[in-house]
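Enquirer: Quick one: this structure, given as structure tokens, is what I'll be asking you about.
Coordinate-derived values only; no laboratory data. Small disclaimer: the values here were computed from a predicted structure and weren't measured. Positions of Cβ are backbone-derived with ideal geometry, glycine not excepted, and every protein chain shown enters the neighbour counts.
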Amino acid sequence: MPQSLPSVIISGTGAYLPRRVVTNDDMAKIVDTSDEWIRTRSGIAQRRYAGPDESTSFMATAAAEQALQTAGAQACEIDLLIVATMTPDMPFPSTACLVQSRLGLGAITAFDIQAACSGYIYALNTASNLLRSGAYKKALIIGAEKMSSILDFEDRSTCVLFGDGASAAVLEISEAQGTGILSSITGSDGSNPELLYQPAGGCIQPASAESVLARQHFIKMNGKEIFKQAVRVMGQVSTDILDRHGYSSDQVDLLIPHQANMRIIDSLAKRMGLPMERFHNNLDRFGNTSAASIGIALDEARRAGRMGPGDLILLVAFGAGLTWGATLIKWQ
Ligand SMILES: CC(C)(COP(=O)(O)OP(=O)(O)OC[C@H]1O[C@@H](n2cnc3c(N)ncnc32)[C@H](O)[C@@H]1OP(=O)(O)O)[C@@H](O)C(=O)NCCC(=O)NCCS
């Protein structure tokens with residue numbers, strides 16, 4: 001990154017988790033599974049499910065209000081809003097527009113990003129570069145998902161893995177040089193979309209009685225292949241971003257990976273030669289909350305005081321698409 005570009009910092013974070021806790025034993029009442037299987041294969045012990053009154057835009061708004069509060073920012077200061085989600089309130093208008101209204105933001109730029117579980121990194125990357133360009137002054141990014149709305153509760157291999165939630169961050173320009181978001185790398189490979197997808201509801205297979213009967217509006221996943229790809233791309237993009245800035249992995253103070261599977265995170269830790277104490281995980285409590293997951297963990301880590309001035313923080317994600325991304329931050 002050229003040094004002349006202004007620094008962009010994360011000045012506030014927030015998160016919202018629905019009230020309803022669903023344990024593995026609760027899941028075992030719905031599908032043929034067990035607490036032991038889910039824990040050993042994924043590391044998940046429980047997840048949250050949103051109720052009928054907790055839509056994606058509702059959760060996004062609650063997380064955003066917290067982020068604004070911790071940033072000490074007023075809603076009227078925000079001039080860019082990006083919501084990353086694969087479970088929008090409706091196909092259109094965008095969830096970002098609904099959040100714009102719920103928060104009472106002005107007539108600002110608001111749009112959704114669909115990069116599945118990499119959405120938070122995609123949103124961070126887009127917003128930070130738009131701020132650096134001088135086009136906007138203060139941005140709000142949100143990752144929010146109601147995954148329970150697209151889970152097939154007859155498919156035990158997918159429904160046990162995901163949960164609902166939202167996270168948000170306020171991004172702004174800082175005078176301090178060499179601090180904040182150093183840069184991000186994002187990437188994609190759409191050559192095999194069926195690895196992880198929702199077949200129906202788009203123009204190829206619009207909603208019909210047949211598509212509903214065939215359970216085509218739910219997540220379908222090739223778990224084994226996704227697992228392999230996740231280990232490969234998360235390791236690679238982490239190495240790439242550290243190399244770009246001349247850091248080695250042992251200089252990372254805190255690594256926040258997308259919370260999909262503890263075995264994937266263990267493999268990443270091994271590959272990077274980092275002890276698990278340098279990671280912040282909450283998969284056991286929330287499952288995979290897709291675009292919300294990194295932001296929820298980041299908010300928790302910040303509140304727990306795990307990030308101090310000058311700390312090197314690495315965020316890394318992968319998701320359907322395939323998509324992937326990493327963001328390197330020098331905490332302010
Ligand atoms: C899904 C995942 C946990 C499955 O773990 P795995 O070790 O690959 O398990 P397998 O697919 O080999 O399945 C083993 C057996 O468990 C069964 N099984 C699947 N889900 C089960 C469940 N919830 N409870 C009990 N048994 C289950 C399978 O049917 C299979 O049985 P079979 O051998 O009789 O056919 C794992 O592949 C994974 O996490 N992949 C990545 C998924 C992911 O992270 N997606 C999000 C990307 S952002």
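Enquirer: What 222 nm value per residue comes from the helices of the chain, counting each DSSP H run with n ≥ 4 as -39,500 (n - 2.57) and dividing by all residues, nearest 500 deg cm²/dmol? Intermediate results must be reported in sequence, preceding the final value.
Expert: Details: 11 runs with 109 residues, N = 332.
That comes out to -9500 deg cm²/dmol.
Enquirer: Sticking with this one: Rounded to whole Hz and in sequence order, give me ³J(HN,Hα) for region 44-53 from the Karplus expression 6.51 cos²θ - 1.76 cosθ + 1.60, θ = phi - 60°, writing x for Gly and Pro.
Expert: After applying 6.51 cos²θ - 1.76 cosθ + 1.60, I find 8, 10, 7, 8, 10, 10, 6, x, x, 8 Hz.
Enquirer: Just report the Cα centroid separation between region 70-143 and region 264-285, whole Å.
Expert: Cα centres, region 70-143 to region 264-285: 29 Å.
Enquirer: With viscosity set to 0.692 mPa s at 37 °C, what whole-number translational diffusion coefficient in µm²/s follows for region 260-332 from Stokes-Einstein and a Kirkwood radius over Cα pairs?
Expert: Details: Rh = 13.2 Å.
In µm²/s, the coefficient is 249.
Enquirer: If each residue of separation counts as 0.36 nm, what is the full-extension length gain between residue 278 and residue 34 once their alpha-carbon separation is subtracted?
Expert: Length difference between fully extended and current span is 84.8 nm.
Enquirer: For the chain, what is the largest minus smallest coordinate of the Cα atoms on each principal axis, given in angstrom and ordered from greatest to least?
Expert: Extents along the principal axes: 56, 47, 37 Å.
Enquirer: Given the pairs 138/330; 224/270; 228/270; 146/220, which are separated by over 22 angstrom at their Cα positions?
Expert: Over 22 Å Cα-Cα: none of the listed pairs.
Enquirer: Follow-up. If you take the charge dipole of region 9-86 about its Cα centre, with +1 on Lys and Arg Cβ and -1 on Asp and Glu Cβ, which of 66, 76, 22 is farthest toward its positive end?
Expert: 22
Enquirer: Still on this model: Magnitude of the Cβ-charge dipole of region 7-180, K/R +1 and D/E -1, about the Cα centre, nearest 20 debye? Spell out each step's value before the answer.
Expert: Working: 13 positive and 19 negative charges, 59 e Å.
My answer is approximately 280 debye.
Enquirer: Tell me, in nm to one decimal, what length is gained between residue 210 and residue 53 on full extension, where the rule is 0.36 nm per residue of separation less the Cα-Cα distance?
Expert: Numbers: separation 157, 0.36 × 157 = 56.52 nm, distance 2.85 nm.
Difference between extended and current length: 53.7 nm.
Enquirer: May I pose another question? Let me test this: with uniform point scatterers at the alpha carbons of region 172-228, what is the Debye-based log₁₀ I(q)/I(0) at q = 0.16 1/Å?
Expert: -0.67
Enquirer: If you don't mind, another one. By how many nm would the segment from residue 74 to residue 197 lengthen if fully extended, with 0.36 nm per residue of separation less the alpha-carbon distance? Write out the running numbers ahead of the final one.
Expert: Values: separation 123, 0.36 × 123 = 44.28 nm, distance 3.78 nm.
Extra length available between residue 74 and residue 197 comes to 40.5 nm.
Enquirer: Please turn the phi angles of region 111-123 into ³J(HN,Hα) values with the Karplus equation 6.51 cos²θ - 1.76 cosθ + 1.60 (θ = phi - 60°), one per residue in order, whole Hz, x for glycine and proline.
Expert: My calculation for region 111-123 gives 8, 9, 10, 10, 10, 6, 6, 8, x, 5, 5, 4, 5 Hz in order.
Enquirer: How many percent of the alpha carbon pairs in region 182-330 exceed a separation of 19 Å? Don't jump to the answer; show the numbers that get you there.
Expert: Working: 6109 of 11026 pairs.
More than 19 Å apart: 55 percent of the Cα pairs in region 182-330.
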